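Notes for the one structure printed next.
No value in this document is a laboratory result; all are computed from the given coordinates. Because the structure is predicted, anything quoted here is derived from the model rather than measured. Glycine gets a Cβ as well: all are built from the backbone with ideal geometry, and neighbour counts include every protein chain shown.
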Amino acid sequence: MSKKWCSMTPKHFFIGGAQRSGTTYAYHVCADHPEIEMAHPVKPEPKFFMNDELVAKGLDYYRQTYFGQKSNARIYGEKSTSYIEIERAAQHVAAHLPDAKFVFVLRHPVDRAISNYWFSVKHGVETMSIADAMHQEATRLNDYDASKISVSPFAYLQRGRYMEYLDVYLRYFPRTQIHVLIYEQMVTQLAPVQELYRFLGVADTFDPPSRHEKINANEVRPADPIPSELQAFMTHHFATSNRALAQWLGRDIPEWGVTR
């Protein structure tokens with residue numbers, strides 16, 4: 001039987017995805033803030049709430065293992081990018097830290113998919129051409145070693161249908177505990193970063209040094225654009241999901257060319 005988890009201060013929040021959308025950048029702009037302590041190290045990610053055995057060790061173990069370097073921290077944060085795709089993680093957090101907040105960083109899904117493809121190439125798990133990988137995704141989603149990789153390295157299109165994942169988290173947490181950052185806005189403007197700070201309940205006038213850095217870029221990716229027909233295919237694939245996201249956010253996403 002798992003240990004009983006107790007409520008305590010600091011509170012907790014999670015940067016839960018999406019993969020290749022700037023979550024490491026978000027980690028650093030949070031870690032810079034004097035009132036926020038992020039779980040360390042940044043890599044490998046804790047993925048604590050995806051693991052039943054770790055969860056059973058209790059909150060004291062969690063805090064002692066990943067936190068404790070900032071005595072004045074008002075809130076503890078964990079970045080585990082796979083959380084957005086793992087309903088079990090949402091269930092564990094809801095059961096043990098029901099007042100936790102979630103931050104999801106979302107990037108133009110076509111750009112995210114392309115970056116994800118080249119990330120898989122970089123790590124030696126992708127051998128198909130980008131066009132074949134996109135068109136054959138459905139037949140190979142589960143063709144990977146789950147003992148070594150926490151989520152499919154081939155979910156290029158599926159992973160960009162963001163509302164499907166947000167809808168899962170909305171089953172367990174009120175909307176007021178979920179905050180969405182648009183990657184293209186976060187990396188070019190201070191206002192979204194300070195809005196994030198307000199959401200987390202810390203001083204929102206802070207301008208983090210990491211905001212001006214290029215973090216976790218994939219240098220393997222070539223500069224050449226993808227074929228126009230593949231661009232059109234992917235754009236069409238994400239159109240309905242993008243519109244649903246904009247409607248849920250209650251605002252257009254001009255950087256993606258998306259209106260409600």
Next item on the list: Report the calculated FRET efficiency for D60 and A131 (r = Cβ-Cβ distance, R0 = 41 Å), to the nearest 0.05.
Entry: 0.25
Notebook entry, point to check: Of S80, S120, S228, which has the largest mean-square fluctuation in a 10 Å C-alpha GNM of the chain?
Noted result: S228
Margin query: Relative contact order for segment 49-188: what percent, with Cα pairs under 8 Å and sequence separation of 6 or more?
Written below: 34
Notebook entry, point to check: By count of other Cβ within 10 Å, fewest leading, how are H40, H92, H236 ordered?
Noted result: H236, H40, H92
Item checked: Rounded FRET efficiency, nearest 0.05, which uses the C-beta distance separating E87 from N218 and R0 of 30 Å -> 0.60
Margin query: Filter K70/K101; K122/K214; K70/K148; K148/K214 down to the pairs with a C-alpha to C-alpha distance above 30 Å, please.
Written below: K70/K148
Note to self: Take the chain, mark every one of the GluC sites (Glu not before Pro) that falls in a DSSP loop and has at most 16 other Cβ within 10 Å, then report the longest stretch left between them, sites excluded.
What the structure shows: 1-212
Check: Tell me, what is the percent relative contact order of segment 38-82, built from C-alpha pairs under 8 Å that lie six or more residues apart?
Finding: 64
Check: Relative contact order, percent, of the chain when contacts are C-alpha pairs under 8 Å separated by at least 6 residues?
Finding: 24
Item checked: Among (i) 19.4, 64; (ii) 28.3, 82; (iii) 18.3, 55, the entry that matches Rg and Dmax of the Cα atoms in Å as calculated here -> (iii)
